[in-house]
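First comes the structure, then the notes that go with it.
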Ligand SMILES: Nc1nc2c(ncn2[C@@H]2O[C@H](COP(=O)(O)OP(=O)(O)OP(=O)(O)O)[C@@H](O)[C@H]2O)c(=O)[nH]1
Ligand SMILES: [Mg+2]
């Protein structure tokens, strides 16, 4: 019996969850998708290490199938980023290229339906994704907090875009309004081409052309949006002049973010939510074996050889990364513990041929989409974190919390107080402020205070990155 057939038979026989009717189908699909050892996918893999990794991947799927644990369900200005506004990132791309799979990997839960047919997603899926944070856990421990609460940004998974979407093709304009509310765009591009059974709407995998189709639709959607706005008599002065300046550029295929608008011009058209004005991260969805073994090489290739060839993008401003949506979603479904995920990935990657491993723990942490993408969004939108909780008497609160702000509109202490609670803002007396690394040098908050490591500020003091803030207020 071939290894493939054996794998299918075993998966079908030892279904861990009698109620899970999808398991049989899923087992067959997984093998068909190339996880089985005898597939042509494997045959094309020459190197021994690659074979080893692929073998680990097939046993990874095996373990995943036998687990009964239930699945849970810059250079850009951001004038539309109010102090209290939740940062939103829209996931776009052609249909059936792994957007929902990536969304599930980001959320670490199976929220969005991800199936092998185009337009699987109709209604947008939303999930808060934690902002990677170097200080929060340490601050929580330092303050003996019972709970730490990470800052989050919301990722929105929408329906796939096809050529003509701006004119209503596919699911058309239905979700463009959702995207207009987003602060940044994560453009997913299919880069894995070793799974012919995963339907491609153009019949072949061509990352450059695929990205261009989507980009062009965003450009055309903006053209139509601007033309409609210019017809209105309420569009006047700087807004009109700015839109009139952008329109011919868009018609040449230049995204609004590359037009070189002044701060005031950008402000004047803020409410339009132009899609091509939003900063973009290209997430190339690569083959799982490449992701595990050649991630840096593929990343280098997409950055230097693919990105510059994509039309209607701006390689000087847009960012790019590689993800392995399927693998990352599967790992998330296996365990929600980042350490277990990391250990598992390290075990799959194993050692190099010379017996050494070049993948440090940090490197593994930094390759997963739930770390990489929110970090890139922070860079693109120039966001930073401040913390509250340390110094607050235990009887009042035992939570250390991170808050996300924009460097282009940094908060004052009184504004932070307002975000915490209206009463705290109303009763504001003063604020104690210290950078997190400074506070962490002392044994406790009081020790830092006694040693003069904490400064006192009034209500108009502007906060900066990593500040730990204690607001003193009267009830
Ligand atoms: N082999 C492989 N398959 C993938 C990968 N990412 C997604 N898929 C598969 O591609 C199919 C489509 O995935 P989805 O996440 O539903 O794609 P989508 O872009 O959300 O599709 P629409 O919602 O229809 O636009 C599913 O069968 C996934 O399992 C990947 O990285 N590798
Ligand atoms: Mg989808």
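For this structure, a couple of remarks:
- Inverse of mean 1/r across different Cα pairs in region 106-157, Kirkwood, Å: 13.5
- Looking at region 88-323, the DSSP beta bridges with both ends there are about 25 percent antiparallel.
- Of the peptides 152-158, 309-315, 336-342, the order by per-residue mean of other Cβ atoms within 10 Å, starting with the highest, comes out as 152-158, 309-315, 336-342.
- P(r) tail, region 160-220: Cα-Cα pairs separated by more than 14 Å, 59% of all pairs.
- Panel note: the C-alpha atoms of region 328-475, placed on their principal axes, show extents of 63, 33, 26 Å (largest first).
- Stokes-Einstein D (µm²/s) once Rh is taken as the Kirkwood radius of region 410-473 over alpha-carbon pairs, at 10 °C in 1.306 mPa s: 134
- Applying 0.36 nm per residue to the separation of residue 317 and residue 141 and subtracting their alpha-carbon distance, the gain on full extension is 59.6 nm.
- Footprinting exposure proxy ranking of 387, 344, fewest other C-beta atoms within 10 angstrom first, gives 344, 387.
- Peptide packing for 198-206, 216-224 was compared via the average number of neighbouring C-beta atoms within 10 Å per residue; ordered from the highest value, the list is 216-224, 198-206.
- Using the Stokes-Einstein relation with a Kirkwood hydrodynamic radius computed over Cα pairs, the translational diffusion coefficient of region 88-323 at 25 °C and a viscosity of 0.890 mPa s comes to 129 µm²/s.
- Going from the residue with the fewest nearby Cβ atoms within 10 Å to the one with the most, 348, 414 rank 414, 348.
- Alpha-carbon centroids, region 87-162 and region 234-258: separation in whole Å: 32
- Dividing the Cα radius of gyration of region 261-372 by its Kirkwood radius returns 1.10 for Rg/Rh.
- The order of 369, 182, going from fewest to most other C-beta atoms within 10 Å of their C-beta, is 182, 369.
The numbers here are math on the coordinates, done by the rules we state, and not lab data. Since we're looking at a predicted model, the values are computed, not measured. Because the Cβ atoms are built from the backbone with ideal geometry, glycine has one as well, and the counts that use them run over all protein chains shown.
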